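The values are calculated or read from the model by the stated rules, or taken from the named source; none is laboratory data. Please read these numbers as outputs of a predicted model, since none were measured by experiment. Backbone-built Cβ (ideal geometry, glycine too); neighbour counts: all protein chains shown. These accessible areas exclude ligands, DNA and RNA; they are computed on the full protein's heavy atoms, side chains included. Shrake-Rupley method; radii C 1.70, N 1.55, O 1.52, S 1.80 Å.
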Number of protein chains: 4
Amino acid sequence: MNSFGRIFKISIFGESHGTLVGVCIDGCRHGIELCENDFSDAIQRRKSGKQGTSLRIEPDIPEIASGVFNGFTTGAPITILFKNQNAQSEDYLQHKTIPRPSHADFVAMKKFDGFNDYRGSGHFSGRLTLPLVAAGLVAKKNIPDIIINAKIIEAGGETDINAMIEKTVNDGDSAGGIIECIAKNIPVGLGEPFFDSIESQIAHLAFSIPAVKGIEFGAGFLSAKMRGSEHNDIITNENGKTATNNSGGVAGGITNGNDLTFRIAVKPTSSIAKNQKTFDFKNKKISDLKIHGRHDSCIALRIPVIVEAITAIALADFILLKK
Amino acid sequence: MNSFGRIFKISIFGESHGTLVGVCIDGCRHGIELCENDFSDAIQRRKSGKQGTSLRIEPDIPEIASGVFNGFTTGAPITILFKNQNAQSEDYLQHKTIPRPSHADFVAMKKFDGFNDYRGSGHFSGRLTLPLVAAGLVAKKNIPDIIINAKIIEAGGETDINAMIEKTVNDGDSAGGIIECIAKNIPVGLGEPFFDSIESQIAHLAFSIPAVKGIEFGAGFLSAKMRGSEHNDIITNENGKTATNNSGGVAGGITNGNDLTFRIAVKPTSSIAKNQKTFDFKNKKISDLKIHGRHDSCIALRIPVIVEAITAIALADFILLKK
Amino acid sequence: MNSFGRIFKISIFGESHGTLVGVCIDGCRHGIELCENDFSDAIQRRKSGKQGTSLRIEPDIPEIASGVFNGFTTGAPITILFKNQNAQSEDYLQHKTIPRPSHADFVAMKKFDGFNDYRGSGHFSGRLTLPLVAAGLVAKKNIPDIIINAKIIEAGGETDINAMIEKTVNDGDSAGGIIECIAKNIPVGLGEPFFDSIESQIAHLAFSIPAVKGIEFGAGFLSAKMRGSEHNDIITNENGKTATNNSGGVAGGITNGNDLTFRIAVKPTSSIAKNQKTFDFKNKKISDLKIHGRHDSCIALRIPVIVEAITAIALADFILLKK
Amino acid sequence: MNSFGRIFKISIFGESHGTLVGVCIDGCRHGIELCENDFSDAIQRRKSGKQGTSLRIEPDIPEIASGVFNGFTTGAPITILFKNQNAQSEDYLQHKTIPRPSHADFVAMKKFDGFNDYRGSGHFSGRLTLPLVAAGLVAKKNIPDIIINAKIIEAGGETDINAMIEKTVNDGDSAGGIIECIAKNIPVGLGEPFFDSIESQIAHLAFSIPAVKGIEFGAGFLSAKMRGSEHNDIITNENGKTATNNSGGVAGGITNGNDLTFRIAVKPTSSIAKNQKTFDFKNKKISDLKIHGRHDSCIALRIPVIVEAITAIALADFILLKK
């Protein structure tokens, strides 16, 4: 349940305030150069500490605990561990009985009969996206020809994102955002019709990222308003290059050699500074909720590198499967 | 690659103009009443023949070829076959060298080095959604308490859909649409954090339906424009009932007991009557394309029952997994 | 549960006295020549009708219902169906309440709460090895360089098998046997350490064949009595050729380029003509049992071609995975 | 490839002389008491240091790094790590070019193009059975009613094992052995016909244990010499209790409620003190080999607890699947 992939397989584990978070990667090619420093940029991009992001700052130092020998991948499973250090667990005790609205508190408690680690949302935490980012870096090394870029294109409905964030923080509130991802140099023929379409696999992984509530490929939801004569991408050469890219680089579930493009919708962080109402399970009534702890006002700001990671993971799996 | 599910597993097979299309369902509960008549309503809803849909009318008679004995499921794999009868294969020969824009013709040819069955799009055909609908009916019987309804809420950007369709057909064009699906009586606790979230599994299946280009849960893409104080769904009682349902019934990837709601974007059918341009692989130049064959002007009209089917398949798998 | 494989995946379905038995094969290479006649020899080898085998003689005509177009595999799932014709279902009614010793009757009834198709053992029947043999033929076509041969080397403890069979039939009894399988031209490097070792996958499939109770590779159980200095296979050249082959072509779970060799133990058919005792669930006491129906006296005689099939299936999966 | 299981899923990682070895367990029930001390007995049973076992003595201290909170399993993945400490890597350098007979040296080098960690056999090492044993302990806690016992019943062909071991060590040689495993209190109905038979799953896991070359259930290879009238286990009561247990507790691939019994054959350790011949890949000729390092003379002595572990893992998976 915490694993994904057919050839390039990843398994994530750990809790926000436990000993560590980590990932085990099975199926990576052998003979790829890999060291701890390789992860620095990606980890830095995911880090909090900037405006609109959480004050919990973790060193996030990766430890490659298996699968690499003399600086190269061996073909055995690669394990990457990140120790947790900067946890303030006392902030979370109240949520055992007073679950935050639109947060995993309630469902985690019910699903696991109260045995879940509630500190910092435990295994439900966005902290688990750190090993995802690490796995994405390893995935990218398996598909060096493909260039993947994701960026935030809108937050809280605005494109002037800095001003919007400042106002949101001042209001003790949070904001959602939209991430756009474009992958270039994609070979024709990745994916399968039906269940293992490119879109199916990427969407599957995208919804693994906490706070993601929507995904669309190419023209996406706008397609629904279009006519075929507008939407159809005219093929212009033997390589399948098209004049437009409303299909987002995918036809019949298979890559067509054009840029793979998609956008994801990120909801506003559910933990906000403002007072809210929720059900108090101890006193069995609706009551006021004041959330402590350190949270992101706009989690979407930290998500582009995670979207790149899951895209690389999906594509590495398809490309290794194709070979 | 043509299979899906962990406990309730389905495998689809067949081609549009081959002998048959079908599905094998493994993991269905034993002791469920099942006969060919049970499929009638669902098959009827998927059928073409109404305005805006294809003129190819197949009898679509299901044959339960295994897994049912004396009118009840046995616990062994259930195979359901549909013979093909009304094929006009000669319509498709030109697409071997003149691929339709935004269609699977080009990628299928490349991926399978020309060995793919090109007649009626072969295994890429929407005809494979017929066994999906059959599997959905069997899935529903495994989760009798859950009520799933999907409907088209918009086509070609209009809500007066009949008028829009008529105009589109007259123009020799096609139109996209949006389907909304709501599932009621969902237990709390289905799904897993990360890779096996409810959203991941449903999105995975939704993108298996040809022509789907987007999916959003609850407030979806609108969430990205909202603030946390607006978006958060206040919990109002011990069962987790919320005052609003911007989360679409899912928190942290897990069902929270509220209605599961999502919308999918369907692109306009790529096969249109109007003249188009595309690359001619035989003559190695861009040329005119006139599509023959019988196609849907608004495939979205036939998709609600398929969306219900994939929702039932996903939920049956989660519920059987939970038991 | 009725599927096997990672790249070359097979799913079997059907019942002994139902409409049909069949297999769906996903992941076969495209562009392989395949027609119904290709299956004749393998099907003939599995057939009953010879001394020591059942009197139920089925035509066993394969129908390729999907995945092949113009005589070549397309890359889409290949479905092969076999209609059942020669069933005498009335023979089996008594076993609903009087289960045969060492047969699936009792466990099937318990596991499926009496909903199982008991006719001819339903989905538990050895008749399901017919689609296995068909899948094996397709697998062999994916690995044309590898030569697989299995034969019965002992039955009822004797190597003069004909005489032993005659005596067993005359006694109204049944006999077990040992099958040896040798696969040549195996590349070095198939398999993984631990869970996906060559031995793990082949053993997994071998125990899918009804009546198999043991498997050993190379020197097998005899290894347990040997010393390292006797057992070790000295490497004699750069290709890994060894002087002896006590390892059966596998080291560390991986093929070492020498012949893959293994033996399987087949128990005597549990359905015998002789009177037996068993528990009568209707009268709730131990009672006499006289088995009707048509059964094999030495099912091992029909198993070599099935062993070749499962070996081909396992190897095709490993080889396609390696590419 | 390094994972196993459908509901109770384990993934193992690490190398013999790397930082650590470990296991990630997904699908364990929540609410089970679990602490590091629980592993002591099982780890002690697997330890080397007794006569006939290796001189490499590791502390083998488990660290539960995720999935347990306040002493109970949470339902999130359980990660258990074992740091390596007592490695003498210099012993192994020669095997890069002079592979040991019947050992993984040659295949590992070929499969991974020389990138494999050759120290102490790297990821191929028997040291990986330590996390397997840990996973087995967790599995056992999921199925508390089932009692599993494995023991060595023969080594080097002898039942007076101590004397045989002493002689073998003195001769600088190694010996194989046979392990018998019996599991009691097994419910009726675990397993599926064909690919997911109890025998298939247990055999799959058994061959994951390095040095295992055979497995047989119930009467096993002896069955092949028996007649049906001898072999058949007469059912004697309503619970399916049988007078004999030649079937080893399995009929039609399904547990029948009698003791599950099987035996596995373990080959002699391939690393022996005695001089041997092998191919020298540097000098491209057959040459003498003198193995350094610390090795078990009779690895079978350490395997019973591993066999219990894999049995518990297989049964936990079946039982969680059945619920």
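Starting from the residue with the highest accessible area, list D:Lys267, A:Lys284 in decreasing order, probe 1.4 Å. Please list the in-between numbers first.
Details: D:Lys267 25, A:Lys284 120 Å².
Descending accessible area places them as A:Lys284, D:Lys267.
So, how do all the Cα-to-Cα distances of segment B:277-319 break down into 5 Å bins, in percent, from 0 on up?
5, 16, 11, 11, 11, 10, 10, 11, 9, 5, 1
Once label points are set 7 Å from the Cα along Cα→Cβ at both C:Ile61 and A:Asn237, what is their separation, rounded to one decimal in nm?
Result for the modelled spin labels: 5.3 nm.
P(r) of segment D:237-323 in 10 Å steps, Cα pairs, percent per bin?
The percentages, shortest bin first, are 13, 26, 23, 16, 15, 7, 1.
Hey, got a sec? Which GluC sites (Glu not before Pro) in segment C:1-108 land in a DSSP loop and have at most 12 other Cβ atoms within 10 Å? Intermediate results must be reported in sequence, preceding the final value.
Values: sites: C:Glu15, C:Glu33, C:Glu36, C:Glu63, C:Glu90; in loops: C:Glu15.
Counting only loop positions with at most 12 other Cβ atoms within 10 Å, none of the GluC sites (Glu not before Pro) in segment C:1-108 qualifies.
Given a Förster distance of 51 Å, report the FRET efficiency between D:Ser89 and C:Thr244 from their Cβ-Cβ distance, rounded to the nearest 0.05.
E between D:Ser89 and C:Thr244, to the nearest 0.05, is 0.95.
Treating the Cα atoms of segment C:151-305 as identical point scatterers in vacuum, please give the log10 of the normalised Debye intensity I(q)/I(0) at q = 0.11, 0.17, 0.19 Å⁻¹, two decimals.
Result of the Debye calculation: -0.57, -0.99, -1.13.
Am I reading the D/A interface right? What is its buried accessible area, both sides, 1.4 Å probe, to the nearest 100 Å²? Spell out each step's value before the answer.
Details: alone 16010 and 16000 Å², together 28990 Å².
Approximately 3000 Å², summed over both chains.
In nanometres, what is the gap between the two model label sites at D:Asn70 and A:Ile286, each 7 Å from Cα along Cα-to-Cβ?
Those two pseudo-labels are separated by 2.9 nm.
Over the Cα atoms of the protein assembly as shown, compute the convex hull volume and normalise it per residue, giving Å³.
Numbers: hull volume 203.8 nm³, N = 1292.
Expressed per residue, the convex hull around the Cα atoms of the protein assembly as shown is 158 Å³.
Explain nothing, just the number: dipole magnitude of the protein assembly as shown about its Cα centre with +1 on each Lys and Arg Cβ and -1 on each Asp and Glu Cβ, in debye rounded to the nearest 20. It would help to have the intermediate numbers written out before the result.
Working: 144 positive and 140 negative charges, 0 e Å.
Roughly 0 debye for the protein assembly as shown.
Whenever you get a sec, compute what percent of the accessible area on segment D:126-221 sits on carbon and sulfur atoms (1.4 Å probe).
48 percent
With viscosity set to 1.306 mPa s at 10 °C, what whole-number translational diffusion coefficient in µm²/s follows for segment B:47-141 from Stokes-Einstein and a Kirkwood radius over Cα pairs? Present the calculation step by step, with values, prior to reporting the outcome.
Working: Rh = 15.7 Å.
D, rounded to a whole number, is 101 µm²/s.
Considering only the label points, 7 Å along Cα→Cβ from Cα, what distances in nm to one decimal separate C:Arg6 from the same position in each other copy, shortest first?
Reported distances to equivalent positions: 1.3, 1.9, 2.0 nm.
How high is the relative contact order of segment C:235-303, in percent, with contacts defined as C-alpha pairs under 8 Å that are six or more residues apart?
Values: 72 pairs, mean separation 15.4, N = 69.
Answer for segment C:235-303 is 22 percent.
Would you calculate a helix-derived [θ] at 222 nm for chain A, using -39,500 (n - 2.57) for each DSSP H run of n ≥ 4 and dividing by the full residue count, to the nearest 500? Walk me through the intermediate numbers first.
Numbers: 7 runs with 70 residues, N = 323.
Rounded to the nearest 500, it is -6500 deg cm²/dmol.
List the relative contact order of chain A as a percent without decimals, with contacts defined as Cα pairs under 8 Å and 6+ residues apart.
Reported as a whole number, the value is 24 percent.
Taking Cα pairs under 8 Å and at least six residues apart, what relative contact order does segment C:1-49 come out at, in percent? Mind dumping the intermediate values first?
Details: 36 pairs, mean separation 11.9, N = 49.
24 percent.
Measuring label to label, 7 Å along Cα→Cβ, what does A:Glu158 give against each other copy in nm, shortest first?
For A:Glu158, the other copies' label points sit at 3.9, 8.5, 9.3 nm, shortest first.
Treating only the Cβ of Lys, Arg, Asp and Glu as charged (+1, +1, -1, -1), what charge dipole size does segment B:3-322 show about its Cα centre? Round to the nearest 20 debye. Intermediate results must be reported in sequence, preceding the final value.
Working: 35 positive and 35 negative charges, 179 e Å.
Dipole of segment B:3-322, to the nearest 20 debye: 860 debye.
Strictly over 28 Å apart at the Cα level, which of A:Lys151/A:Lys225; A:Lys110/B:Lys184; C:Lys184/D:Lys213; A:Lys96/B:Lys151; B:Lys9/C:Lys151; D:Lys9/D:Lys151 would you flag in this model? Spell out each step's value before the answer.
On the way: A:Lys151/A:Lys225 25 Å; A:Lys110/B:Lys184 19 Å; C:Lys184/D:Lys213 19 Å; A:Lys96/B:Lys151 39 Å; B:Lys9/C:Lys151 36 Å; D:Lys9/D:Lys151 26 Å.
Correct reply: A:Lys96/B:Lys151; B:Lys9/C:Lys151.
Using the Cα gyration tensor of segment A:179-226, with a ≥ b ≥ c the square roots of its eigenvalues, what is the shape: rounded (a/c below 1.5), prolate (a/b larger than b/c) or oblate (neither)?
rounded
When chain B is treated as a GNM, springs tying every alpha-carbon pair under 10 Å, which of B:Lys225, B:Lys83, B:Lys241 comes out with the largest mean-square fluctuation?
B:Lys225
Between copies, how close do the D:Arg45 label points come, placed 7 Å along Cα→Cβ, listed in nm from shortest?
In nanometres, ordered from closest: 4.3, 5.0, 5.5.
If r is the Cβ-Cβ distance from B:Asp160 to B:Lys277 and R0 is 35 Å, what FRET efficiency results, to the nearest 0.05?
Details: r = 32 Å, r/R0 = 0.91.
Efficiency computed from Cβ-Cβ geometry: 0.65.
Over the Cα atoms of segment D:91-196, compute the convex hull volume and normalise it per residue, giving Å³. Please report the intermediate quantities before stating the final value.
Details: hull volume 20.1 nm³, N = 106.
Roughly 190 Å³ of hull volume per residue.
Separation of segment C:111-177 and segment C:248-289 by C-alpha centroid, Å?
10 Å
Taking only Cα atoms of chain C, what ratio of Rg to Rh do you get with Rh as the Kirkwood inverse-distance radius? Before the final figure, lay out the partial values.
Numbers: Rg = 20.7 Å, Rh = 20.9 Å.
Ratio of gyration radius to Kirkwood radius for chain C: 0.99.
Between C:Lys50 and C:Ile147, take the C-beta separation as r, use R0 = 35 Å, and let me know the FRET efficiency to the nearest 0.05.
Details: r = 25 Å, r/R0 = 0.71.
About 0.90, to the nearest 0.05.
Got a number for the accessible area of B:Asp105? Probe 1.4 Å, square angstrom, nearest 10.
Only protein atoms counted, so the area is about 20 Å².
Per residue, how much accessible area does segment D:71-199 have with a 1.4 Å probe, in Å²? Display every interim value, and only then the final one.
Working: 4280 Å² over 129 residues.
I get 33 Å² per residue for segment D:71-199.
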